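If you scroll down you'll find the structure; I have some questions about it.
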Amino acid sequence: MLFSAGVGIVVGILTVLGQEVLPGNWGSLANSGTAWLIPAFFVGGLGPSKLKAAVASILTLCGMVTGYYGYAMTIQDVAHSVFYILVWAGAAILGGLIFGIAGFLWGQDQGSKHKYGSALIGGVFITEGLDLYLHIDDYGHMLPVGAVKITVGFILLLVLERSNKERVASLLALIPVIVLGLIGYQILHSIT
């Protein structure tokens, strides 16, 4: 479990640094919820049970929140709202629970549930990319970033599955993932 929190802290710090290094709108790739979910997903994939995978992923994401805000506030001396820290800590708990179990399903289950893990991690990228297009008035300048996220989502799904049959099953599982993801993004837009 210490490994999970450590991974999270490192990724959180790298997020701050990545925002400084990547040019223009591409800095949003470093500070993206999807970028944070990848380590949480794979940490969950290492878990020996759903519960331990979820806890490990929650610790990973909470470590990211700690690393990101801790580095920004102490090293860069940038003030941040307690409200947003709490919002993202809450998102870390919920995201860790969901993506820890998804990672577990992908990493451990060779049966019918395997596809849900791949569909979820690929679908979250596709959903985040689509969200930029749906809010074109606010994010019109970031459409190339949205296209990259959508592409990465499909690539993840294709690479993470082991056969064409599993790829097709995962593609079908994407539909509810994208619908629910877009609803989640609407909720997130309404509170942040």
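Taking the mean number of other Cβ atoms within 10 Å as a proxy for protection, how do you rank 83-94, 7-18 from highest to lowest?
Values: 83-94: 15.1, 7-18: 19.5.
Ranking, from highest mean packing down: 7-18, 83-94.
Extent of the chain along each principal axis, from alpha carbon coordinates, in Å, largest to smallest?
Here the spans come out as 50, 41, 29 Å, largest first.
While we're looking at this one, here's another question. Over region 111-192, consider all pairs of different Cα atoms and compute the Kirkwood hydrodynamic radius from their mean reciprocal separation; express it in Å, one decimal.
Numbers: mean 1/r = 0.0772 Å⁻¹.
The Cα-based Kirkwood calculation yields 13.0 Å.
For the residues Lys52, Lys165, what sequence is obtained by ranking on other C-beta atoms within 10 Å, fewest first?
Numbers: Lys52 16, Lys165 10.
Fewest-to-most Cβ neighbours within 10 Å comes out as Lys165, Lys52.
Looking at the chain as a GNM with Cα springs under 10 Å, which of Tyr139, Tyr116, Tyr69 has the largest mean-square fluctuation?
Comparing Tyr139, Tyr116, Tyr69 in a Gaussian network model of the chain, the most mobile one is Tyr139.
Next question. Mind giving me the nanometre distance, one decimal, between the label points for Leu134 and Ser190, set 7 Å out from Cα along Cα→Cβ?
My value for the distance between the label points is 1.2 nm.
Counting only Cα, what are the radius of gyration and maximum Cα-Cα distance Dmax of region 1-108, in Å?
13.6, 42
A short reminder: the numbers here are calculations on the coordinates, not readings from a lab. All values reported here derive from a predicted model rather than from experimental measurement. Cβ sites come from the backbone with ideal geometry, for glycine too, and all protein chains shown count toward neighbours.
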